């Protein structure tokens, strides 16, 4: 009996030892190198991560003592869960899920911008909707509840006296992956969407959808950082030099996009196909590119205004103050 207990204890210790290594992204890899995991979405506005991966910019910045891994995510909620659990160390995400999690006590810091603009409000051909006013009573879709695009759309709609049923309005809100919107439009499951590029151009060019509000007209327009580079305060405190090198590589990626737009588009098309099994046409990517500005800069004032609107729309329980959310020391 005693021998059996000792064997069981040994097995439990082995299991605990294995589990303690799970979910930790910044630990050591099998070859003894420090592992760093970068997260991003398979969207055009996340091209800085795709270019950095293709050109091994993070690897070059960190050197031989580190090994890089990459994870893609369907939405901001999944990304933030991974950041909080330590499954990723840093990466690109929209500002809304960062704000939502920060106000709930999550350890997250914005350390650079990545892109701005690119969000449009679009209606399906099947809906027959041709103006914003006709969205009254419609079903609209966004990638997530309270996501960046959702907040932009609902902020814009307030001026027309429209809102979602969540806050007493007439519009039904559902969520889903933008890669599926074309089929949902054609099957009449939804009437309209607040969608980031390249999906806006895809829906317009290949599905005949109508753009009701372009990216320069929607609330916060081209000034709102649509994608930001984030990490944790813990990583900054414990490995500041590592964060500096990651931001350095990110800035190099943004510069590469500015200097090499055509090659960057090719990288984006390949990367999105690898992640989603959907190959975007050059026409779609060219159209999307016109609505997006890639930049490492962060406009703290616009982010605060966006957050205030998120509160007004009841996505946030308390009116936020984000003076400690943004750490600009790495980009100044």
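The values are calculated or read from the model by the stated rules, or taken from the named source; none is laboratory data. The shown structure was predicted, so the numbers you read here are calculated from the model rather than taken from an experiment. Reconstructed Cβ throughout: ideal geometry from the backbone, glycine too, with neighbour counts over all protein chains shown.
A few notes on this one:
- The criterion of being free of Cβ contacts under 8 Å to residues at least 12 places away in the same chain, farther than 18 Å from residue 315 by Cα and over 15 Å from the mean Cα position of the chain (by Cα) holds for residue 128.
- One residue stands out among those in region 287-307 that are in contact (Cβ under 8 Å) with a residue 40 or more places away in the chain and in a helix (DSSP H, G or I): the one that is surrounded by the most Cβ atoms within 10 Å (Cβ to Cβ), which is 288.
- Selection status of residue 111, touching a helix residue (DSSP H, G or I) at 6+ places or on another chain (Cβ under 7 Å), over 30 Å from residue 246 (Cα atoms) and not in a helix (DSSP H, G or I): no
- Candidate set from region 90-113 (those that are closer than 28 Å to residue 182 by Cα and out of contact with any strand residue (DSSP E or B) (no Cβ under 9 Å at 6 or more places or on another chain)); member that is modelled with the lowest pLDDT: 96
- Some residue of region 213-221 being in a helix (DSSP H, G or I) and surrounded by fewer than 17 Cβ atoms within 10 Å (Cβ to Cβ): no
- For region 270-284, taking the residues that are buried (at least 20 other Cβ atoms within 10 Å of the Cβ) and within 16 Å of residue 49 (Cβ to Cβ), the one that is modelled with the highest pLDDT is identified as 271.
- Test result for residue 224, buried (at least 19 other Cβ atoms within 10 Å of the Cβ), in contact (Cβ under 8 Å) with a residue 40 or more places away in the chain and either in the same structural domain as residue 297 (by TED's automatic domain parsing) or under 27 Å from residue 105 (Cα atoms) (or both): yes
- Test set (1) surrounded by 18 or more Cβ atoms within 10 Å (Cβ to Cβ); (2) modelled with pLDDT of 95 or more; (3) farther than 21 Å from residue 313 by Cβ - residue 84 fails condition number: (1)
- Annotation: of all residues in region 308-326 being modelled with pLDDT under 90 and under 20 Å from the mean Cα position of the chain (by Cα), the one that is surrounded by the most Cβ atoms within 10 Å (Cβ to Cβ) is 316.
- The strands (runs of 3 or more DSSP E) located wholly in region 114-194 that include 3 or more residues which are at pLDDT 95 or above and closer than 25 Å to residue 294 by Cβ occupy 119-123.
- Comparison of 330, 322 shows that the only residue that is in a loop (DSSP other than H, G, I, E, B) and closer than 25 Å to residue 55 by Cα is 330.
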